[in-house]
Amino acid sequence: MGKSVNPDLAKARSQATFDPANLTNYLYGGPEKLRRKRYLPAFVFKELCTEMSLTDLCLIFLGLLTHVSDYLGLTLSIENMAAKEYKEEGFKSTDDMSREEAYEESMRRAVYTNKRVLQLNLQDQEEQYYFREIFVPGANPFALHYVMFKDAINTQGTEDQIQKWLPLAETYAVTGTYAQTELGHGTFLRGLETTAEYDVQREEFILNTPTITSSKFWPGALGKTANVAILNAKLITKGRNCGMQSFWVPLRHLETHQPLPGITVGDIGPKFGYHTSDNGFLQLNRVRIPRENMLMRYSKVLQDGTFVPPENDRLVYVPMTQFRFVVIGRSGWTLAKAVTVATRYSAVRRQSEITPGGGEVQILDFQTQQHKLFTQIASAYAMIIAAKAAKDLYDSAFSKMEKGNLEDLPMLHALTSSMKAFNTWEMATGVEQCRMACGGHGYLLASGIPQMYTDMVSACTYEGENTVMCLQAARFLNKCQEAANKGERLPQLTRFLQTSRLNISSSLDQDVDLNDIIAAYEFRAATVISEANARLNAGLAMGKSQSEAWNYASQLLVKAALAFSHWFTVRALIENMRGAGFDNSTETLLLQLAKLYALDGMLRYSGDFRKVG
Ligand SMILES: CCCCC/C=C/C(=O)SCCNC(=O)CCNC(=O)[C@H](O)C(C)(C)COP(=O)(O)OP(=O)(O)OC[C@H]1O[C@@H](n2cnc3c(N)ncnc32)[C@H](O)[C@@H]1OP(=O)(O)O
Ligand SMILES: Cc1cc2nc3c(=O)[nH]c(=O)nc-3n(C[C@H](O)[C@H](O)[C@H](O)COP(=O)(O)OP(=O)(O)OC[C@H]3O[C@@H](n4cnc5c(N)ncnc54)[C@H](O)[C@@H]3O)c2cc1C
């Protein structure tokens, strides 16, 4: 029996001038991917919430037969076991729970989904994410295990180490975290104090957190869940500091889950959000690990303690760069969820009159409400599509890096840093706007929006604090500007610094031309980057040192990175909307949405755009 849909919502949907299925397929990467995305949770919900009748099972298996290779391993006894396991307990909201209870409930669900992912043999990372997100909607205690822990093994480990450790992670024989941040340092990695001193006699590293500020602090899953860490520490061998390296460090006994000798570990306490993630602290008191536990894909320590440096000492940062891409995409999807809730609510909420005596209207009829929501719908599309465009660039650069060609690493670092800052800040503002658009009911946890905000807003901090990430991107942009000033050849992504001109053909009384919009954002970015460079050089001309001049220009440098990201996003949105092969009505609508996004951006940053004419 289908659920009855609110008549106002049904009416609003019936007025669509396009087929939503076209858009949904596009956003999820095609009908097949969408089908699987919808199938997996439905499949498991079926086993959770209803008696598995034979007919049901046949239908499910008939449906699944199209993926027979994926599911044949499934056996009925597993279904019954899983259904039994959940039927009694079912799903409980964590909103009314204590932190301990909420963590336990999330852990219960996460362990369940981990088992099911293995039983269903779900290999695709995206499908795994969809599947888990349904069952563990908040912060998943295994989040670090799924992404950064496994990514660090894959990108920093040798082939032998990957062969040895990855199967342990894939089968949950170990549960991992990525422990880098310390109480005293999160941003400034060269300031990390944890040491890994090589003992050549015993061919071991001695790990130590010598001061209270060197305690590892913040890593997810460190508080309770993880029994192994990929831990970043300052390598000292033959009396020399060889910089930050990564190590496989057992933390807790695999059977008893008790901390191992020399390990003091625990939870850092309540947070603004992420209540079901056990972020923790770790102190190491001269803990010994074998030499083989250093991840040696790029840098090595030989038996005699000789340090073999990496070809590029930034390669140890690759796990962060990789996860920044994940954050860029998730920001768009988080805003998409929030604006979906707010838009549906605005279709069913009737409040106040437009025409006196005309009766209360759907709040979606107020232009102010439309502005609040439509700009966020446009922003969600822009962020999701820009994230896809950035990922395409990443994939092509990463495949070159895997063959040893590191030329794109600086561009990749700049793109991930600036887009991670831009998307998370835009998402934070947008989700909060959606919450407020729902009035008091948006302030209820039951609306779902507050948790989206309190969980995801931390992405403005983790994986590189946003301001710092903008300054990192500005290093690259400023270098490109200097090269442009000398007429040198630039990387493809920043060639606009040399070519951008303001020859806008649109006039204010015409419908604006999309190419003019891209040109305007390109020219604005080029102008802001050039201004930041000029401010830096003015600082130098005043006799400031390079670092003092950098600090003197830093506000403009941050702006330059954000203007660059804004241009990248607008260009990706328009070019992808034009090239996606939609039917006319859908394409017309999407290009309208792209214009709304771009023109709203010009209004919000009208100072920049007025200044560049
Ligand atoms: C489900 C979600 C759970 C949440 C999970 C969260 C996990 C975490 O938060 S993990 C911890 C994340 N921490 C960070 O991101 C730390 C941020 N800080 C840094 O990355 C670095 O300290 C720095 C980049 C801000 C500064 O590093 P530093 O060594 O001081 O480098 P310089 O600024 O002097 O630049 C040197 C040179 O290296 C280039 N570079 C820096 N980082 C990278 C990188 N990741 N990839 C490639 N290249 C990098 C930088 O561009 C400079 O190059 P040049 O300009 O050519 O000199
Ligand atoms: C929910 C959450 C989960 C996390 N999970 C993990 C994890 O799993 N593993 C892990 O290792 N870490 C984790 N972290 C830690 C996170 O990576 C750090 O908090 C982050 O890198 C910022 O560092 P910090 O906290 O030291 O802030 P700081 O760098 O001290 O920032 C404080 C202020 O100083 C400013 N600032 C700092 N440096 C500069 C500069 N050079 N120029 C201008 N301004 C500057 C910043 O802009 C900011 O305004 C997590 C954090 C959170 C909130």
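The values are calculated or read from the model by the stated rules, or taken from the named source; none is laboratory data. All figures in this text were calculated on a predicted structure; none of them were measured in a lab. Using ideal geometry, Cβ is built from the backbone for each residue, glycine included, and neighbour counts are taken over all protein chains shown. Ligands, DNA and RNA are excluded from the accessible area calculation, which covers all protein heavy atoms including side chains. Shrake-Rupley method; radii C 1.70, N 1.55, O 1.52, S 1.80 Å.
Being closer than 30 Å to L34 by Cα and more than 15 Å from ligand 1 (Cβ to nearest atom), is that true of even one residue in segment 179-196?
Taking segment 179-196 as the starting set, the residues that turn out to be closer than 30 Å to L34 by Cα are none.
Looking through segment 179-196, none of the residues is closer than 30 Å to L34 by Cα and more than 15 Å from ligand 1 (Cβ to nearest atom).
All but one of (1) among the polar types (S, T, N, Q); (2) within 16 Å of ligand 1 (Cβ to nearest atom); (3) open to solvent by 20 Å² or more (accessible area, probe 1.4 Å) hold for S506, so report the exception by its number.
(2)
Considering each residue of segment 334-366, count those that are more than 32 Å from the chain's Cα centre (by Cα) and under 26 Å from I574 (Cα atoms), and give that number.
Of the residues in that region, 0 qualify.
Which members of segment 209-220 meet the condition of being assigned to a loop (DSSP other than H, G, I, E, B) and within 16 Å of ligand 1 (Cβ to nearest atom)?
Of all residues in segment 209-220, those assigned to a loop (DSSP other than H, G, I, E, B) come to 209-211, 215, 218-220.
Listed by number, the residues that qualify are S215, W218, P219, G220.
Here are some residues: Q472, Q433, Q481. Which one is within 14 Å of ligand 1 (Cβ to nearest atom), in contact (Cβ under 8 Å) with a residue 24 or more places away in the chain, farther than 20 Å from F325 by Cβ and assigned by TED's automatic domain parsing to the domain that holds A338? Please lay out each step first, then the result.
Numbers: Q472 fails: farther than 20 Å from F325 by Cβ; Q433 fails: within 14 Å of ligand 1 (Cβ to nearest atom).
One residue alone meets the criteria, Q481.
Name the residue that is nearest to Q451 (Cα to Cα), counting only residues in segment 132-142 that are hydrophobic (A, V, I, L, M, F, W, C) and part of a loop (DSSP other than H, G, I, E, B).
So in segment 132-142, the residues hydrophobic (A, V, I, L, M, F, W, C) come out as 134-136, 139, 142.
So of that shortlist, the ones also part of a loop (DSSP other than H, G, I, E, B) come out as 136, 139, 142.
Working: V136: 13, A139: 10, F142: 18 Å.
My answer is A139.
Can you pull out every residue in segment 457-469 that is within 9 Å of ligand 1 (Cβ to nearest atom) and touching a Ser or Thr at 6+ places or on another chain (Cβ under 8 Å)?
Residues of segment 457-469 within 9 Å of ligand 1 (Cβ to nearest atom): 458-459, 461-465, 468-469.
Those that are within 9 Å of ligand 1 (Cβ to nearest atom) and touching a Ser or Thr at 6+ places or on another chain (Cβ under 8 Å): A459, G464, E465, V468, M469.
Mind listing whichever residues of segment 251-304 are within 16 Å of ligand 1 (Cβ to nearest atom), in contact with a Lys or Arg (Cβ under 9 Å, 6 or more places away or on another chain) and closer than 28 Å to Q163 by Cβ?
Of everything in segment 251-304, just one residue is within 16 Å of ligand 1 (Cβ to nearest atom), in contact with a Lys or Arg (Cβ under 9 Å, 6 or more places away or on another chain) and closer than 28 Å to Q163 by Cβ, namely L282.
Which ones in segment 182-201 are more than 16 Å from G239 (Cα to Cα), open to solvent by 20 Å² or more (accessible area, probe 1.4 Å) and of a type outside the set (S, T, Y)? Working first, answer last.
The initial filter retains those residues of segment 182-201 that are more than 16 Å from G239 (Cα to Cα), namely 182-192.
Now restrict to residues that are open to solvent by 20 Å² or more (accessible area, probe 1.4 Å): 183-190.
Those that are more than 16 Å from G239 (Cα to Cα), open to solvent by 20 Å² or more (accessible area, probe 1.4 Å) and of a type outside the set (S, T, Y): L183, G184, H185, G186, F188, L189, R190.
Per-residue answers, yes or no, for (1) away from ligand 2 (no atom under 16 Å from the Cβ); (2) open to solvent by less than 30 Å² (accessible area, probe 1.4 Å); (3) of a type outside the set (G, A, S):
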| position | (1), (2), (3) |
| --- | --- |
| Y443 | yes, no, yes |
| A446 | yes, no, no |
| Q451 | no, no, yes |
| A459 | no, yes, no |
| Y462 | no, no, yes |
| T467 | no, no, yes |
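Confirm whether I236 is modelled with pLDDT of 95 or more, crowded, with 21+ Cβ neighbours inside 10 Å and not acidic (D, E). Before the answer, list the steps.
Values: modelled with pLDDT of 95 or more: yes; crowded, with 21+ Cβ neighbours inside 10 Å: no; not acidic (D, E): yes.
Judged against the criteria, I236 is not a match.
Determine, yes or no, whether T211 is of a type in the set (S, T, Y), farther than 27 Å from R240 by Cα, open to solvent by 50 Å² or more (accessible area, probe 1.4 Å) and out of contact with any Ser or Thr (no Cβ under 6 Å at 6 or more places or on another chain).
On the way: of a type in the set (S, T, Y): yes; farther than 27 Å from R240 by Cα: no; open to solvent by 50 Å² or more (accessible area, probe 1.4 Å): yes; out of contact with any Ser or Thr (no Cβ under 6 Å at 6 or more places or on another chain): yes.
The answer is no for T211.
Quick one: in segment 474-488, which of the residues that are more than 16 Å from ligand 2 (Cβ to nearest atom) and of a type in the set (K, R) is surrounded by the most Cβ atoms within 10 Å (Cβ to Cβ)?
K479
Tally up the residues in segment 1-40 that are within 30 Å of Q123 (Cβ to Cβ) and small (G, A, S), please. It would help to see each step written out before you state the result.
Going through segment 1-40, the residues within 30 Å of Q123 (Cβ to Cβ) turn out to be 20-40.
Adding the requirement that they be small (G, A, S) leaves 21, 29-30.
Qualifying residue count for the region: 3.
Please enumerate the residues belonging to segment 137-154 that are touching a residue at least 60 places away in the same chain (Cβ under 8 Å) and away from ligand 2 (no atom under 16 Å from the Cβ). Full working, then the answer.
Let us first name the residues in segment 137-154 that are touching a residue at least 60 places away in the same chain (Cβ under 8 Å), namely 137-145, 147-149, 151-153.
Across segment 137-154, the qualifying residue is only P137.
Could you tell me whether G273 is surrounded by 15 or more Cβ atoms within 10 Å (Cβ to Cβ), within 22 Å of M107 (Cα to Cα) and within 16 Å of ligand 2 (Cβ to nearest atom)? Give the steps one after another, and end with the answer.
On the way: surrounded by 15 or more Cβ atoms within 10 Å (Cβ to Cβ): yes; within 22 Å of M107 (Cα to Cα): yes; within 16 Å of ligand 2 (Cβ to nearest atom): yes.
Yes, satisfied.
Here is a yes/no grid of residues against (1) within 26 Å of G464 (Cα to Cα); (2) not charged (D, E, K, R):
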| residue | (1), (2) |
| --- | --- |
| S246 | yes, yes |
| F281 | yes, yes |
| P290 | no, yes |
| M294 | yes, yes |
| V301 | no, yes |
| V308 | no, yes |
| E311 | yes, no |
| V318 | yes, yes |
| T321 | yes, yes |
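Does F247 satisfy the criteria of being part of a helix (DSSP H, G or I), open to solvent by less than 20 Å² (accessible area, probe 1.4 Å), closer than 25 Å to L189 by Cβ and not assigned by TED's automatic domain parsing to the domain that holds V111? Walk me through it before giving the result.
Numbers: part of a helix (DSSP H, G or I): no; open to solvent by less than 20 Å² (accessible area, probe 1.4 Å): yes; closer than 25 Å to L189 by Cβ: yes; not assigned by TED's automatic domain parsing to the domain that holds V111: yes.
Criteria not met by F247.
Quick check: is even one residue across segment 93-102 open to solvent by less than 20 Å² (accessible area, probe 1.4 Å), in contact (Cβ under 8 Å) with a residue 12 or more places away in the chain and β-branched (V, I, T)? Give the steps one after another, and end with the answer.
Keep residues of segment 93-102 that are open to solvent by less than 20 Å² (accessible area, probe 1.4 Å), which gives 102.
Now drop any that are not in contact (Cβ under 8 Å) with a residue 12 or more places away in the chain, which leaves 102.
Of the ones still in play, those that are also β-branched (V, I, T) are none.
No, segment 93-102 has no match at all.
Going through I206, I153, I162 one at a time, which residue ends up being in a strand (DSSP E or B) and either outside the structural domain of L122 (by TED's automatic domain parsing) or open to solvent by less than 10 Å² (accessible area, probe 1.4 Å) (or both)? Show your work before the answer.
Details: I153 fails: in a strand (DSSP E or B); I162 fails: in a strand (DSSP E or B).
Of the residues listed, the single one that is in a strand (DSSP E or B) and either outside the structural domain of L122 (by TED's automatic domain parsing) or open to solvent by less than 10 Å² (accessible area, probe 1.4 Å) (or both) is I206.
Residues in segment 330-372 that are under 25 Å from A139 (Cα atoms) and of a type outside the set (S, T, Y): how many?
Residues in segment 330-372 being under 25 Å from A139 (Cα atoms) and of a type outside the set (S, T, Y): 11 in total.
Is it the case that G176 is open to solvent by less than 50 Å² (accessible area, probe 1.4 Å) and either within 21 Å of the chain's Cα centre (by Cα) or in the same structural domain as E402 (by TED's automatic domain parsing) (or both)? Working first, answer last.
Details: open to solvent by less than 50 Å² (accessible area, probe 1.4 Å): yes; either within 21 Å of the chain's Cα centre (by Cα) or in the same structural domain as E402 (by TED's automatic domain parsing) (or both): yes.
Answer is yes for this residue.
Of the residues H185, H145, only one is in contact with a helix residue (DSSP H, G or I) (Cβ under 8 Å, 6 or more places away or on another chain), closer than 25 Å to G273 by Cβ and in a loop (DSSP other than H, G, I, E, B); which? Outline the logic, then answer.
Working: H145 fails: in a loop (DSSP other than H, G, I, E, B).
When all the criteria are applied, what remains is H185.
Go through S547, S530 for me and flag whichever is surrounded by 13 or more Cβ atoms within 10 Å (Cβ to Cβ) and in a helix (DSSP H, G or I).
Values: S547 fails: surrounded by 13 or more Cβ atoms within 10 Å (Cβ to Cβ).
One residue alone meets the criteria, S530.
Starting from residues that are open to solvent by 10 Å² or more (accessible area, probe 1.4 Å) and within 11 Å of ligand 1 (Cβ to nearest atom), keep the ones in segment 410-425 and report whichever is farthest from N478 (Cα to Cα). Spell out the reasoning first.
Residues of segment 410-425 open to solvent by 10 Å² or more (accessible area, probe 1.4 Å): 410-411, 413, 425.
Subset that is within 11 Å of ligand 1 (Cβ to nearest atom): 410-411, 413.
Working: P410: 12, M411: 12, H413: 14 Å.
For segment 410-425, the residue satisfying everything is H413.
Within segment 178-192, does at least one residue satisfy the condition of being more than 16 Å from ligand 2 (Cβ to nearest atom) and of a type in the set (A, V, I, L, M)?
Here is the first cut: in segment 178-192, the ones more than 16 Å from ligand 2 (Cβ to nearest atom) are none.
Within segment 178-192, not a single residue is more than 16 Å from ligand 2 (Cβ to nearest atom) and of a type in the set (A, V, I, L, M).
For segment 79-124, which positions are closer than 20 Å to G138 by Cβ, at pLDDT below 85, of a type outside the set (D, E, K, R) and assigned to a helix (DSSP H, G or I)?
Y86
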